[in-house]
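Chemist: One structure follows; several queries about it will come next.
The values are calculated or read from the model by the stated rules, or taken from the named source; none is laboratory data. Everything numeric here is computed off the predicted structure, so don't read it as measured data. Don't worry about glycine lacking a Cβ; one is built from the backbone with ideal geometry, like all the others, and counts go over all protein chains shown.
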Amino acid sequence: MNAAVPDPDESTVLPSAQSSAPVVAATPRRRSHLADRLRLFALMAYGLVGTFGLIALRVPSLNRRMTDQDLSSTLLSPLSDGYLLGTDVLGRDFVWRLIGGLGVSLAVGLSAAALSIGLGLLLGILGGFYGRSAAATPSVLIALTRAFPAILLAIVFAGWLGPGLRAVVLALALTGWAAFARIVRGEVLSLREREFIAAARVLGVPKRVVAVRHLIPNLIPLTLVMSVFFVATSIVAEAGLSFLGLGAQGSTPSLGIILSDGRDYLTVTAWPVVLAGGVLTGLVLLLNSLSDSLRDRFDPHRRHDA
């Protein structure tokens with residue numbers, strides 16, 4: 001007779017909570033996809049502008065837009081006298097200086113990172129997989145290089161090799177490889193104890209074949225993550241060396257050169273430093289964000305937690 005009557009509040013609240021749970025759980029994923037697309041679009045924009053800047057440096061008619069001086073129109077503010085972003089201290093169009101500087105900084109960063117990753121991968125595998133005799137020399141070189149601050153060594157190498165972009169690339173490669181080699185060596189020491197490596201060695205597979213077929217494919221995710229990170233750090237280091245006068249010379253644009261030229265005129269106008277610093281900061285933040293995103297995608301534990 002006294003049958004329990006279901007509470008209307010419970011009958012409405014529970015289904016609605018159940019139906020809304022998937023929506024709430026899916027929202028961060030949609031935001032992550034949107035952030036990835038925006039990051040990719042921004043990096044593509046940086047890459048296209050930088051590529052155009054490198055091409056413009058090789059085309060005389062476009063190169064003149066970056067290097068031609070007009071001392072009657074120096075340090076103009078943005079949106080003045082037909083100059084979108086104004087002019088620098090020598091009256092050069094700042095838009096073209098930024099485009100060329102971005103291209104030079106990207107080229108130096110990519111070149112230095114490629115050399116660092118290649119050398120670090122080779123010596124890291126030698127130091128972690130080929131026994132104590134083969135590991136002695138790479139281990140000593142890694143320890144010696146890591147004993148000093150990387151930027152200090154880069155300044156020493158760049159000063160020894162002489163000013164110029166090639167010297168900067170070599171200096172950054174000679175100081176950056178040790179950090180990656182140390183990480184690779186640790187990863188190789190872990191991988192060589194895995195079952196598939198042990199099985200290949202028991203079957204008599206040569207070490208060279210094991211390294212090529214088993215070690216290197218398992219190092220690809222780590223290499224991709226560190227490559228993006230090294231590009232970012234190389235761009236910052238190149239800007240620092242150019243700021244000190246050890247990088248790009250003459251009228252060759254570079255983000256570090258633009259910052260160096262603008263520091264002496266901060267009391268007159270801050271636009272050159274603000275714009276060049278903003279471009280450099282945005283590029284480095286995007287590359288670091290991409291590196292973190294790649295790390296999360298390749299790490300199964302992070303992917304599971306997400």
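Residue by residue, here is whether (1) touching a residue at least 24 places away in the same chain (Cβ under 8 Å); (2) among the polar types (S, T, N, Q); (3) closer than 21 Å to VAL236 by Cα holds:
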{"site": "THR51", "(1), (2), (3)": "yes, yes, yes"}
{"site": "THR67", "(1), (2), (3)": "yes, yes, no"}
{"site": "SER80", "(1), (2), (3)": "no, yes, no"}
{"site": "GLY91", "(1), (2), (3)": "no, no, no"}
{"site": "GLY103", "(1), (2), (3)": "yes, no, yes"}
{"site": "SER111", "(1), (2), (3)": "yes, yes, yes"}
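Chemist: Any residue that is surrounded by 15 or more Cβ atoms within 10 Å (Cβ to Cβ), part of a loop (DSSP other than H, G, I, E, B), at pLDDT 90 or above and at positive phi - is there at least one of those in the range 161-169?
Modeler: Within the range 161-169, one or more residues are surrounded by 15 or more Cβ atoms within 10 Å (Cβ to Cβ), part of a loop (DSSP other than H, G, I, E, B), at pLDDT 90 or above and at positive phi.
Chemist: What number goes with the only condition from (1) more than 22 Å from SER227 (Cα to Cα); (2) surrounded by fewer than 21 Cβ atoms within 10 Å (Cβ to Cβ) that ILE99 does not pass?
Modeler: Exception for ILE99: condition (2).
Chemist: Looking only at the range 215-269, which residues are among the small types (Gly, Ala, Ser) and either part of a helix (DSSP H, G or I) or exposed (fewer than 15 other Cβ atoms within 10 Å of the Cβ) (or both)? Full working, then the answer.
Modeler: Of all residues in the range 215-269, those among the small types (Gly, Ala, Ser) come to 227, 232, 234, 237, 239-240, 242, 245, 247-248, 250-251, 254, 256, 260, 262.
The answer is SER227, ALA232, SER234, ALA237, ALA239, GLY240, SER242, GLY245, GLY250, GLY256, SER260, GLY262.
Chemist: Going by the conditions given, is LEU172 out of contact with any strand residue (DSSP E or B) (no Cβ under 7 Å at 6 or more places or on another chain) and surrounded by fewer than 21 Cβ atoms within 10 Å (Cβ to Cβ)?
Modeler: Numbers: out of contact with any strand residue (DSSP E or B) (no Cβ under 7 Å at 6 or more places or on another chain): yes; surrounded by fewer than 21 Cβ atoms within 10 Å (Cβ to Cβ): no.
In short, no.
Chemist: In this structure, does LEU172 turn out to be in contact with a Ser or Thr (Cβ under 9 Å, 6 or more places away or on another chain), among the hydrophobic types (A, V, I, L, M, F, W, C) and part of a helix (DSSP H, G or I)? Step through it out loud before you land on a result.
Modeler: Numbers: in contact with a Ser or Thr (Cβ under 9 Å, 6 or more places away or on another chain): yes; among the hydrophobic types (A, V, I, L, M, F, W, C): yes; part of a helix (DSSP H, G or I): yes.
Considered against the rule, which asks whether it is in contact with a Ser or Thr (Cβ under 9 Å, 6 or more places away or on another chain), among the hydrophobic types (A, V, I, L, M, F, W, C) and part of a helix (DSSP H, G or I), LEU172 comes out as yes.
Chemist: Looking only at the range 182-212, which residues are of a type outside the set (A, V, I, L, M) and more than 24 Å from VAL140 (Cβ to Cβ)?
Modeler: First pass over the range 182-212, keeping only residues of a type outside the set (A, V, I, L, M): 182, 185-187, 190, 192-196, 201, 204, 206-208.
Scanning the range 182-212 gives ARG194, GLU195, PHE196, ARG201, GLY204, PRO206.
Chemist: Do you know which residues across the range 56-88 are more than 25 Å from TYR265 (Cα to Cα) and surrounded by 13 or more Cβ atoms within 10 Å (Cβ to Cβ)?
Modeler: ALA56, LEU57, LEU62
Chemist: Please tell me if SER251 is of a type in the set (S, T, N, Q) and at pLDDT 90 or above.
Modeler: Values: of a type in the set (S, T, N, Q): yes; at pLDDT 90 or above: no.
So SER251 does not fit the description; no.
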